[in-house]
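Below is one structure, written out as structure tokens; comments come after it.
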Amino acid sequence: MPLAFGFFQFLMPVVGFVLGQLVSDFITQYAGIITFAILGFIGGKMIWDAFHEEEGEEASEQTLTMPVLLFSIDALAVGVSFAALEVNVLTSSGIIGITTALTCIVALIIGKRFGNALGEKATIIGGAVLILIGLKSLLL
């Protein structure tokens, strides 16, 4: 699982970068707004989902299929942002992929020890962090 996550978290920003290059003039002009909109949406959805679980549905009961695990719209969006910000996509995506794989290993170890203790709190914090990063991109 860590290798699959790491590889696809590397690949999706590269794909997003290529797609972003197709519309780079527009994206460059509105990079801060686009980054804020993308990260704000993803972060807001994370927070929304944490507070609005369907009845009888708990995080531990959700089914994770291979496409859900491997296709990451947020990583794709980050790649589009990379095109707007003129970032070295291979270096950045490589760092993302390695970090994701290592984080996945750590998360598996922590998850075995702490189970569902953090639950939705982790999702809320993660969503808030994404919104703050997007806000920073908008204002700076």
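Figures for the structure shown
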{"item": "Failed item in (1) modelled with pLDDT under 75; (2) in a helix (DSSP H, G or I), with Glu57 passing the rest", "result": "(2)"}
{"item": "Residues satisfying the stated conditions in region 16-45, i.e. over 28 Å from Ile125 (Cβ atoms), open to solvent by 30 Å² or more (accessible area, probe 1.4 Å) and hydrophobic (A, V, I, L, M, F, W, C)", "result": "Val18, Leu19, Leu22, Val23, Phe26"}
{"item": "All positions within region 71-88 that are in a helix (DSSP H, G or I) and open to solvent by 20 Å² or more (accessible area, probe 1.4 Å)", "result": "Ile73, Asp74, Leu76, Val78, Val80, Phe82, Leu85"}
{"item": "Residue in region 8-15 that is of a type outside the set (A, V, I, L, M), open to solvent by 30 Å² or more (accessible area, probe 1.4 Å) and modelled with pLDDT under 85 present", "result": "no"}
{"item": "Long-range neighbours under 9 Å by Cβ, at least six apart or interchain, first residue without any contact (Cβ under 8 Å) to a residue 40 or more places away in the chain and among the basic types (Lys, Arg) within region 73-96, second open to solvent by 20 Å² or more (accessible area, probe 1.4 Å) and not in a helix (DSSP H, G or I)", "result": "none"}
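The values are calculated or read from the model by the stated rules, or taken from the named source; none is laboratory data. Model, not experiment: these values are computed from the prediction. No Cβ is skipped: glycine too gets one built from the backbone with ideal geometry, and neighbour counts run over all protein chains shown. Accessible surface areas use protein heavy atoms only, side chains included; no ligands, DNA or RNA. Shrake-Rupley method; radii C 1.70, N 1.55, O 1.52, S 1.80 Å.
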